[in-house]
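The values are calculated or read from the model by the stated rules, or taken from the named source; none is laboratory data. Computed from a predicted structure; not experimentally measured. Neighbour counts run over all protein chains shown; Cβ positions are idealised from the backbone, glycine included. When the accessible area is computed, the model is the full protein with side chains, heavy atoms only, and any ligands, DNA or RNA have been set aside. Shrake-Rupley method; radii C 1.70, N 1.55, O 1.52, S 1.80 Å.
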Amino acid sequence: MTLLSRRQILAAMGTTVAMPAIVRAQSNEPLKIGGMLPFSGPASIEGRQIVQGLRFAVAEWNEKGGVFGRKLELVVEDDESNSTKGVTAVRRLIEREKVPFIIGTYASAVAIAASKVAAEYKVPMLSGGSTGAGATDQNTPGDPWFFRSWPDSNAQGEDTARAIVEKFKKTKVSIIHDNTNYGVTLAEQVTRVVSAVGGQIVSKDGFNAGEQDFSSMLTRLRGLKPEAVYIGGWAGDGANILRQAAEIGLKAQFVGSGSMLSDDFIKLAGPASEGFAVASLYEASTPNPVGKAFAERWRKQHDFDANTFSSLGYDSTNIAIEAMRRAGKPDGLEIQKMLKGGMKDFPIVQGPAGTTAAFDEKGSVKFLNFIAVIKDGKRRLDL
């Protein structure tokens with residue numbers, strides 16, 4: 001005689017076999033995804049805006065039911081723009097929170113250090129704003145673990161430098177940059193391109209991030225009479241430079257790095273920001289229809305427009321979640337494989353119309369930067 005187990009008897013009677021409580025709990029638990037940005041320290045202005053884009057993307061996915069039948073939960077760490085804290089944050093997100101990918105971070109030096117650790121765990125990182133070329137240059141070509149869905153600092157510097165000479169018709173250029181990897185890389189690129197397209201670099205000055213008094217440097221520049229001044233560094237420092245330049249009467253076309261794209265920068269610089277130009281990956285007035293639709297959805301929930309910082313966080317998070325969905329499971333290695341070649345048809349909000357998450361062999365996406373100019377206290381695309 002065949003003996004039936006209790007489970008088989010209950011099944012034959014049409015009785016539901018109860019799952020262990022721990023299994024039921026796991027199947028209904030939110031799926032955690034990681035974020036790492038600076039909410040304190042020199043890049044806190046940028047970090048606090050970028051995280052809004054992460055949260056907006058997660059909210060949209062949850063409104064549609066989440067992924068794999070589970071709601072998404074964003075777990076965020078503050079790296080303070082510090083490489084040691086960034087490495088610790090990555091380990092915490094991976095070891096304790098078990099996240100399958102991380103959106104992070106803004107400071108390129110932190111991104112470089114942290115992404116090396118994430119790669120050891122086979123967990124991909126998608127930039128939370130880092131533009132420094134070093135973050136993707138360290139990737140093994142064809143097998144990247146750090147991904148950036150916009151052009152690197154070299155491309156940003158090139159597009160900005162060309163605009164100085166070709167769009168604004170300024171040929172005598174002074175460069176002011178902070179001594180971070182980001183600022184130095186941009187200064188080198190602007191120097192090379194301005195010289196290549198017919199301009200002349202009349203001075204180059206470095207400073208430490210967080211410095212407060214630029215009066216001596218700016219007074220000396222006033223004597224050189226540059227037609228344009230390029231600033232590479234954090235938003236707070238750039239705003240200080242603009243205000244102090246106005247105070248001493250240094251008149252030139254000021255152009256800055258992408259960190260100076262926020263409304264907070266305009267508020268900090270005040271009237272001195274008028275006419276300031278910056279390379280922009282995204283503005284609410286974008287000609288990209290995907291970006292335009294994002295701007296409309298954003299505006300319905302906020303009392304301010306989406307900007308480059310919110311688009312950085314949104315695109316990286318949206319791409320990562322979609323890659324996970326396409327991969328079929330929250331597994332870092334499978335998500336990385338999908339990011340490498342399976343997202344070329346996925347449209348993003350940044351860049352010109354038709355831009356997609358087509359990562360190259362180093363993990364970057366290439367497209368031309370817009371140039372935005374501040375007029376009447378608002379950034380406006382100079383198309």
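Key figures
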read-out	value
Test: residue in segment 297-307 that is within 16 Å of M36 (Cα to Cα), at pLDDT below 95 and under 13 Å from the mean Cα position of the chain (by Cα)	no
Subset tally (residues that are within 18 Å of Y314 (Cα to Cα) and charged (D, E, K, R)) for segment 136-157	2
Members of segment 181-207 that are of a type in the set (D, E) and not in a helix (DSSP H, G or I)	D205
Some residue of segment 187-198 being crowded, with 21+ Cβ neighbours inside 10 Å, under 30 Å from P347 (Cα atoms), out of contact with any strand residue (DSSP E or B) (no Cβ under 8 Å at 6 or more places or on another chain) and not small (G, A, S)	yes
Criterion violated by M324 - all others in (1) within 19 Å of the chain's Cα centre (by Cα); (2) crowded, with 23+ Cβ neighbours inside 10 Å satisfied	(1)
Entirely in segment 103-180, the helices (runs of 4 or more DSSP H) that have 2 or more residues that are more than 27 Å from F254 (Cβ to Cβ) and not hydrophobic (A, V, I, L, M, F, W, C)	108-120, 133-137
Residue in segment 156-172 that is modelled with pLDDT of 95 or more, open to solvent by 20 Å² or more (accessible area, probe 1.4 Å) and aromatic (F, W, Y) present	yes
